[in-house]
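Note sheet for the following structure.
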Amino acid sequence: MPRGITLTEFEKGQILAFRDCGKSGNYISKELGRSRCLIQNFLKNPTKYGEKKRTGGPRLLSQREERAIIRYSSNSLLSCKEIKNICNVNVSPSTILRTIKRSPNIVRSKLLKAPCLKTVHNVARLDFSRNNMNRAWNLVR
């Protein structure tokens, strides 16, 4: 649910003045045309009103550990478990993956499946390279 419009400095002053006069929260809300809940929340702690609340728990990894994870995952084929073991951190592989995804510089994606080369293909490639070893490739168009 979206937040409403925050109180202006003028409205804050009016609310405090009404409260000093002994007016109720219900009266103040009718006078200002604001919700009673907003007025009560402001009056609970006027100095903290409008500060953003921190959500979620603390980070499990320090900035140094996050940098190390990003460094090892950059341009590598390592799995999250391998990165976890290399960096010696005590977090789950999903935390490693979230750290990598949070980095704007790294785009991690799965490798596409490549067809397996069979012995027939290997022989054909070897024949081609033997037949064209002395060819001047800079003259070929």
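Filtering the range 28-48 to residues that are exposed (fewer than 15 other Cβ atoms within 10 Å of the Cβ) and in contact with a helix residue (DSSP H, G or I) (Cβ under 9 Å, 6 or more places away or on another chain) leaves LYS30, GLU31, SER35, ARG36, CYS37, GLN40, PRO46. Among the residues of the range 37-44, is there at least one that is at pLDDT 90 or above, outside the structural domain of LEU97 (by TED's automatic domain parsing) and touching a Ser or Thr at 6+ places or on another chain (Cβ under 6 Å)? Yes, there is a match, as at least one residue in the range 37-44 is at pLDDT 90 or above, outside the structural domain of LEU97 (by TED's automatic domain parsing) and touching a Ser or Thr at 6+ places or on another chain (Cβ under 6 Å). When LYS52 is tested against the conditions (1) within 30 Å of THR8 (Cα to Cα); (2) surrounded by 11 or more Cβ atoms within 10 Å (Cβ to Cβ); (3) modelled with pLDDT under 90, the lone failure is (2).
Being surrounded by fewer than 10 Cβ atoms within 10 Å (Cβ to Cβ) and without any contact (Cβ under 8 Å) to a residue 60 or more places away in the chain: is that true of SER129 here? Here the answer is yes, as SER129 does meet what is asked.
Considering only residues of the range 99-110 that are in a loop (DSSP other than H, G, I, E, B) and of a type outside the set (Val, Ile, Thr), which is nearest to ARG59 (Cα to Cα)? So the residue we want is SER103.
The helices (runs of 4 or more DSSP H) found entirely in the range 1-98 that carry 1 or more residues being more than 30 Å from SER109 (Cα to Cα) are 9-20, 25-32, 36-44.
The values are calculated or read from the model by the stated rules, or taken from the named source; none is laboratory data. Just so it is clear, the model here is predicted, and its values are computed rather than measured. Note that each Cβ is placed from the backbone with ideal geometry, even for glycine, and that neighbours are counted across all protein chains shown.
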